[in-house]
Amino acid sequence: GSTDGTASRITSRQVTYLHEPNRGVSNARNRGIAESNGEICAFVDADCVVDPCWLSELVRPFEDPEIGAVGGDLQHVQPRTPAERQAIRLLGNWQQFAFASNPAYPITANAAYRREVLDRIGAFDPNMVRAQDVELGLRFQERSGLRLAYAEHATAHHRGRPTQLGFFRQQLGWAYGAGLVGVKYEAMGGNPVTWPGGREIARTARGLGTVLWAGVRRRGRRRWIEDAWFDLLRQSAWWIGVRAGLRRGRRIWSTSSPAG
């Protein structure tokens, strides 16, 4: 459902162009899955640039029939702005963090699934406007009976949002998705989720005040102020976003069974 120049850029190249009228990452990826016919469905985000050997390395682990999903290496593009620099600081090795989660899941900015697995457990939930990869990974671990593999040589380079507003909005979206995942997990029989508190925000705000005062006294560093400010933006976005996601999720799954 995009209205920018994406379509003209795609149709000028020798690839298949699909138009999905319903906006949202889940709808777009599901359209791609439905229109494709291969045994493996691979995914990458629009803000990523992949290495030349990305696809061959990403599908290599599927030589093992016990592997049902693969996550590739996610690196960061060299930052140009404070917002991009802070995204790198906070995200770190993004894909490895996801693999260390409980349950582990592949971030679909660089991931692949067997088609038969998606047919069995369901594709992306259209209700998940954010964090759809987390929720799909949860269903994979609970229902597929197969294993998740990490392809360290299948590298995609991700660029963060370049502005403070973009950084805040991205964090807000991720937090909203986390709230949705929590409620759906509860509806599937998982542990109940709770509202996030504001204590962490207050502590982060006090930290920002401390480094600002140190700067006034010429005993601090500008980088400390930058780190503290973006920490406050992130904490505020998550406090707002998770609460909104929990509210929305309870309206969806309190009256219907969870999709997939």
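The values are calculated or read from the model by the stated rules, or taken from the named source; none is laboratory data. Owing to the predicted nature of the structure, the values given are computational and were not obtained by experimental measurement. Neighbour counts run over all protein chains shown; Cβ positions are idealised from the backbone, glycine included. Side chains included, ligands, DNA and RNA excluded: accessible areas come from the protein's heavy atoms. Shrake-Rupley method; radii C 1.70, N 1.55, O 1.52, S 1.80 Å.
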Self-check item: Accessible surface of Ser56 - all protein chains present, 1.4 Å probe, nearest 10 Å²
Solution: 60 Å²
Quiz item: With θ set to phi - 60° and the Karplus curve 6.51 cos²θ - 1.76 cosθ + 1.60, what are the ³J(HN,Hα) couplings of segment 41-48 in order, to the nearest whole Hz, using x for Gly and Pro?
Solution: 10, 10, 10, 8, 8, 5, 9, 10
Quiz item: Once the principal axes of the Cα atoms of segment 62-171 are found, what is the range along each, listed largest first in whole angstroms?
Solution: 43, 32, 22
Quiz item: What is the local net charge at Leu233, summed over the other residues whose Cβ is closer than 15 Å to its Cβ (Lys, Arg +1; Asp, Glu -1)?
Solution: +1
Practice problem: Collect residues whose amide H, placed 1.01 Å from N in the peptide plane, falls under 5 Å from the amide H of Ile40; neighbours closer than 5 in sequence don't count. | Solution: Arg115
Quiz prompt | Theoretical gain in end-to-end length, Gln78 to Glu39 [0.36 nm per residue, Cα-Cα removed] | solution = 10.6 nm
Quiz item: Check Ala154: other-chain or 5+ apart residues with amide H under 5 Å from its amide H, H built from backbone geometry?
Solution: Asp73
Self-check item: segment 52-210, relative contact order in percent, only Cα pairs under 8 angstrom and at least six apart counted
Solution: 32 percent
Self-check item: Total charge dipole magnitude, the chain, about the Cα centre, Cβ charges on Lys, Arg, Asp, Glu only, Debye to nearest 20
Solution: 1640 debye
Quiz item: Hey, what's the Cα Rg ratio for the chain versus the globular rule of thumb, 2.2 N^0.38 Å?
Solution: 1.09
Quiz item: Which residues make up the longest stretch of the chain that has no GluC sites (Glu not before Pro) in a DSSP loop with at most 12 other Cβ atoms within 10 Å?
Solution: 67-260
Quiz item: Roughly how many Å² of Phe124 are accessible to a 1.4 Å probe, to the nearest 10?
Solution: 10 Å²
Quiz item: Using a 1.4 angstrom probe and counting only protein chains, how large is the accessible area of Arg120 in Å², to 10?
Solution: 120 Å²
Quiz item: Cβ under 9 Å from Phe43's Cβ, Phe43 left aside: what net charge do those residues give with Lys, Arg +1 and Asp, Glu -1?
Solution: -1
Practice problem: Could you check the simple spin-label distance between Ala205 and Asp51, using points 7 Å along Cα→Cβ, in nm with one decimal? | Solution: 4.5 nm
